[in-house]
Amino acid sequence: MQERYIPYQVEAEARQNWQSRNAYLVDEKAAAPDGSPKPKFYACSMLPYPSGKLHMGHVRNYTINDMMARQLRMRGYNVLMPMGWDAFGMPAENAAIKSGVPPAKWTYDNIAYMKKQMQSMGLAIDWSREMCACDPEYYRWNQWLFLKMLEKGIAYRKTQVVNWDPVDQTVLANEQVVDGRGWRSGALVEKREIPGYYLRITDYAEELLDTVQNKLPGWPERVRLMQENWIGRSEGVRFAFTHDIRGEDGQLIQDGRMYVFTTRADTIMGVTFCAVAPEHPLATHAARNNPELAAFIEECKKGGVTEAELATKEKEGLPTGLQVIHPLTGDAVDVWVGNYVLMSYGDGAVMGVPAHDERDFAFALKYGIPIRQVIGVEGKAYSTEQWQDWYGDKQQGATINSGKYDGLAHAAAVDAVASDLEVKGLGQKQTTWRLRDWGISRQRYWGTPIPIIHCPSCGPVPVPEKDLPVVLPEDLVPDGSGNPLNKSEAFLKCKCPSCGADARRETDTMDTFVDSSWYFMRYTSPGNSQAMVDERNDYWMPMDQYIGGIEHAVMHLLYARFWTKVMRDLGLLKFDEPFTRLLCQGMVLNHIYSRRTPQGGIEYFSPQEVENVTDAKGAVIGAKLLADGSPVDYGGIGTMSKSKNNGVDPQSLMDTMGADTARLFVMFASPPEQTLEWSESGVEGSNRFLRRVWAFCHGNLEALRAGAADYNGNWDDIDEASKTLRREIHTLLRQADYDYQRMQYNTVVSACMKMLNTLEAAELPDTPVARRALADTTGILLRVLYPAVPHVTWSLWKELGFEAQFGDLLDAPWPEVDEAALVADEIDLVLQVNGKLRGNLRIANGMEKALIEQAALAHEAVARFLEGRPAKRVIVVPGKLVNVVG
């Protein structure tokens, strides 16, 4: 055993050993030593996008997973920890536009580098199950299930409103629209209606909501709430404003009914206007002879198309000159076009009740629309000057100025209004959902081709199953002028499967959320070219532990849950939910430094480039560049990111201090679910601890080897010092056991540090039993520490001779707490006199109550504080305290 801890040598040897014997290959038929099946445990991290390099968030995520997998394997579980690549998507296209390299090459090169980094981390990944979203053998099953959903009516085609960049001639995702302009071209984005494919996730809304509310106790409460809010169940009333507005064909537009949905039917008598989306048929009709309105509608088509974006936009509108009829009063109500109304939500129209809706209130003040109060709260005066929260609180007050409905509370008023509307045949109670069907069509190249063929005669025709996969050509290079598939005749030209005529392939590709909605099940069935999943999936799923960032708490998890339920309904699965437990690990934070450039931009500097400037209390108030001493601004602590130039390269850290140091720091610095602040001193402290572990083992090498070789578990002749050592280490082991169960890995590492302190401080005699005690306790330290730092502990385990006694560390039995070792010969009780602390009373463990009372009365502190008075009684709380009352 070498004297110094040299990480790269230790880690290279360990990884070579694991790789040479395929140590992490997992078999569904794994058996325990007695031949019985091992219990399974499936622990999985969210798969990464192959952007080029791992970041510290990856290191943290995968180390959490690895600690769990390694510890459970030692506890006798058959543990699966796989890995794959979320390889389709925009970043590859953006890189291709910038570099002129096909997205495929960029992607595969990045995968190769990141995989090498993961292997350098020593992760216990079964690489035989590796999947890649851009592999035709994977995405063929995206296409296959899409066709099955098309057959069942779960997938369907309709016109969709999208963000269109008129310069780049492409559809943009919502996140690519910045201040109403294309992120790359800077052109004003337009809203366009184009055909696309949708999946009926709304058919599963009720089940998705019920399950997340009641049947996922292993999920964080905040994630369940986020899912619940996104699904957004609303109980309300859908009703119609009637009208006599006719189109050019002389027919009533929408049969003379403009429908709206409201959760506040109790305020229906306060309607003073209605607003429709720019794409609504009434808006289109009104704009025919109104140039100002037509121009406004065109302007509304610029910008994003999400609720979130519209919520932050200034609310603008124009009157249409049209009127609809109030269903209960018969009054005429003006119709406006509002830029805040989405055609894709509800019926594309809303009733305006400015007195009791904050958005409508602001809109009415801006355009001089009447405000009619119809809800009153006793003792509170209403003003049309400024909005107050109680105006919109349905739990306060009762209806006023509402005729026959006056005096009713919210629920009673809604019931009465709904009943009257139903009698008139104009409306009824209805449950609606915020959730909308999932539009999966993307007008982009680097994604799963949608398996549809367009025939001039037959229309859209599904690709026959026997012709799957529809392979995406990998040699195309996007140039920013639209989807290159539209220019690839080799891809486009085909024959219609129905009539045999010349036809063209669909060039839209699938949303990348499709790729990530079931990849974790493909891990369970690798190599099966005949089925999407097989019986191995029944063994592993549902997943026991899923680990990933909170940023995926809504869309990814919701789509994965939906996809699972569809597969279940198609007979492919036997379970309802994919993830039994969920952990959302915290972000990794670092300091942010920047300054304004002469051109007005912001230049960010790496923390390694600056020196902090602090005030008298040591708080950071600024910084200066190490290179020239020039000042820079300190922006506080924020998430590590390339854009802020405050990331830390894990590879550099692994090259200098070793992967085990990186792993130990990210586990020790913070509980897994909380944010982690980067600290150079913390990293150095982690490395120093590993050097101490190595030095201790090297310094006690002969004693440890002898103790391991002689280990027999017999402690009959144990000395006091060895007994104390075992008691302290087994006490820490019990705490570490508990912390492993609750995934508090930071306190596991803390327990290991305390174990090392205890071992270093122990003064043992040079006897066989003391050497056995030293080996017993050091073996516990190495096994408890191993899941966090597998390389150094594996090496020490082997060097000290534990492998010969207990087998390879990867499958060594998890140490069990020796309850006998926890029992002390003597214990200290708190000594009180008249309820006040006066010292400690050391007694033999298990001493009878009468003898404890005698010992307490004989203690000098009792005589001193009773001042000669006789003791009236002695109260003994076993194992804790004794109180002498005088």
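Quick notes on this one:
- Residues located in the stretch 785-828, provided they are at positive phi and in contact with a helix residue (DSSP H, G or I) (Cβ under 9 Å, 6 or more places away or on another chain): 801
- Matching residues, the stretch 9-33, being surrounded by fewer than 15 Cβ atoms within 10 Å (Cβ to Cβ) and not in a loop (DSSP other than H, G, I, E, B): 9, 12, 13, 16, 19, 20, 31
- Tally of residues being small (Gly, Ala, Ser) and crowded, with 16+ Cβ neighbours inside 10 Å across the stretch 642-655: 1
- Sub-7 Å Cβ pairs linking a first residue in the stretch 389-402 that is part of a loop (DSSP other than H, G, I, E, B) to a second residue that is basic (Lys, Arg) and surrounded by fewer than 19 Cβ atoms within 10 Å (Cβ to Cβ), at least 6 apart or interchain, are 401/372, ordered by first then second residue.
- Note on the stretch 583-614: residues that are within 26 Å of residue 549 (Cα to Cα) and touching a Pro at 6+ places or on another chain (Cβ under 9 Å) amount to 8.
- Count of residues meeting criterion [surrounded by 14 or more Cβ atoms within 10 Å (Cβ to Cβ) and either within 27 Å of residue 586 (Cβ to Cβ) or in contact with a helix residue (DSSP H, G or I) (Cβ under 8 Å, 6 or more places away or on another chain) (or both)] in the stretch 621-631: 2
- Scanning the stretch 283-306 for residues that are without any contact (Cβ under 8 Å) to a residue 60 or more places away in the chain and either aliphatic (A, V, I, L, M) or touching a Ser or Thr at 6+ places or on another chain (Cβ under 6 Å) (or both) yields 283, 286, 287, 293, 294, 295, 297.
- Residue selected from the stretch 465-499 under the condition farther than 16 Å from residue 103 by Cβ and touching a Phe, Trp or Tyr at 6+ places or on another chain (Cβ under 7 Å), by the criterion surrounded by the fewest Cβ atoms within 10 Å (Cβ to Cβ): 465
- Spans of strands (runs of 3 or more DSSP E) in the stretch 558-652 with at least 2 residues in contact (Cβ under 8 Å) with a residue 12 or more places away in the chain and of a type in the set (S, T, N, Q): 588-596
- Yes/no for residue 192 being at pLDDT 95 or above and among the basic types (Lys, Arg): no
- All conditions in (1) assigned to a helix (DSSP H, G or I); (2) free of Cβ contacts under 8 Å to residues at least 60 places away in the same chain; (3) small (Gly, Ala, Ser) hold for residue 662, with the sole exception of (2).
- Scanning the stretch 45-54 for any residue that is at pLDDT below 95 and within 25 Å of residue 785 (Cβ to Cβ) turns up at least one such residue.
For (1) under 29 Å from residue 98 (Cα atoms); (2) under 27 Å from the mean Cα position of the chain (by Cα), each residue gets a yes or a no:
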site: 148; (1), (2): no, no
site: 159; (1), (2): no, no
site: 185; (1), (2): yes, no
site: 191; (1), (2): yes, no
site: 208; (1), (2): no, yes
site: 214; (1), (2): no, yes
site: 217; (1), (2): no, yes
site: 221; (1), (2): no, yes
site: 235; (1), (2): no, no
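- All positions within the stretch 680-717 that are outside any helix (DSSP H, G or I) and either outside the structural domain of residue 749 (by TED's automatic domain parsing) or modelled with pLDDT of 95 or more (or both): 700
- Lone unmet requirement of (1) β-branched (Val, Ile, Thr); (2) buried (at least 17 other Cβ atoms within 10 Å of the Cβ); (3) not assigned by TED's automatic domain parsing to the domain that holds residue 442 for residue 263: (2)
- Among the candidates 508, 475, the residue that is touching a Gly at 6+ places or on another chain (Cβ under 7 Å), among the charged types (D, E, K, R) and at negative phi is uniquely 508.
- Residue satisfying condition, being loosely packed, with under 15 Cβ neighbours inside 10 Å, free of Cβ contacts under 8 Å to residues at least 12 places away in the same chain and outside the structural domain of residue 706 (by TED's automatic domain parsing), within set 858, 844: 858
- Residues in the stretch 120-141 that are closer than 19 Å to residue 68 by Cα and in contact with a helix residue (DSSP H, G or I) (Cβ under 7 Å, 6 or more places away or on another chain): 120, 121, 122, 123, 124, 125.
The values are calculated or read from the model by the stated rules, or taken from the named source; none is laboratory data. Quantities reported herein were computed from a predicted structural model and do not represent experimental measurements. Here Cβ is always computed from backbone atoms with ideal geometry, including for glycine, and neighbour counts include all displayed protein chains.
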